[in-house]
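J.: Quick one: the structure is below, questions incoming.
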Amino acid sequence: MNSKTAPSSETADDARRGPQDALTRSVLDVSAAAGQFIEYWGFKALYGRIWTLLALHRAPLSQADIADLLGVSRSAVSTAMAELLELGLAKPRDDHRHAPWEAVIDVWPTIAGVLRSREWMLLEAARTALEAAIEEAEIAATAQDGAAPVQWDVDRLRMLLAMTEMGQGFLKMLMALRMPRTPDGFQGWMGRASQIVARLRGGR
């Protein structure tokens, strides 16, 4: 009787299939992490998982291949692909019904659109409310005419307004940047983004 412990079926399968399958599992982990990240921002995790597979795979993938890789239904993939197409994050290789899909690598227009429609509008609502509060505070201070001071701190309202406007300025510069298509171009993009952050820090 052989006293050596037999390898598990998963280990034996890995040995037969080689490093390609180990790499695929690692990429699937990256895909899952991307899904969790965009889910935090209010999108469906499946969208991030699919986009990551398409972006990292050397060749376009069919919806059936995507469903098999992710272990989800083809109907779920079909729905997600329609949404990714609308968002400008993926596109079919051609007009054929079963054409494979590829990722749109320049995701920045979509990100900028989300920032514009959500974060920018939140800051704009805060800015408008702060301006109105400052105006009311100034009117109340004038009306007091030597009586007890206004109970709300106008200087801090102005400080919050300045912070909000600075945030809008940062978002505006960020949305104007374009995502490069090559690793070398990305380094330059990161350099420009770092310069923006440095200027903002220097202005504090």
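Any read-out appearing in this document is the output of simple, stated calculations on the displayed coordinates, not a laboratory observation. This is a predicted model, so every value here is computed, not measured. When we count neighbours, we look across all protein chains shown, and the Cβ atoms used for this are built from the backbone with ideal geometry, even at glycine.
J.: Taking the stated definitions as given, is A112 surrounded by 18 or more Cβ atoms within 10 Å (Cβ to Cβ), touching a Ser or Thr at 6+ places or on another chain (Cβ under 6 Å) and within 25 Å of L171 (Cα to Cα)? Reasoning before the result, please.
T.: Details: surrounded by 18 or more Cβ atoms within 10 Å (Cβ to Cβ): yes; touching a Ser or Thr at 6+ places or on another chain (Cβ under 6 Å): no; within 25 Å of L171 (Cα to Cα): yes.
Taking the combined requirement at face value, the residue does not satisfy it.
J.: Also, I was wondering about something else. Please enumerate the residues belonging to segment 88-107 that are surrounded by fewer than 17 Cβ atoms within 10 Å (Cβ to Cβ) and either in contact with a Cys (Cβ under 7 Å, 6 or more places away or on another chain) or in contact (Cβ under 8 Å) with a residue 40 or more places away in the chain (or both).
T.: Initially, segment 88-107 is screened for residues surrounded by fewer than 17 Cβ atoms within 10 Å (Cβ to Cβ), giving 88, 91, 93-99, 102, 105-107.
If the condition is that a residue be surrounded by fewer than 17 Cβ atoms within 10 Å (Cβ to Cβ) and either in contact with a Cys (Cβ under 7 Å, 6 or more places away or on another chain) or in contact (Cβ under 8 Å) with a residue 40 or more places away in the chain (or both), then E102, I105, D106, V107 are the ones that fit.
J.: Given the criteria in contact with a strand residue (DSSP E or B) (Cβ under 7 Å, 6 or more places away or on another chain), farther than 30 Å from A162 by Cβ and part of a helix (DSSP H, G or I), does L69 qualify? Please lay out each step first, then the result.
T.: Details: in contact with a strand residue (DSSP E or B) (Cβ under 7 Å, 6 or more places away or on another chain): no; farther than 30 Å from A162 by Cβ: yes; part of a helix (DSSP H, G or I): yes.
Criteria not met by L69.
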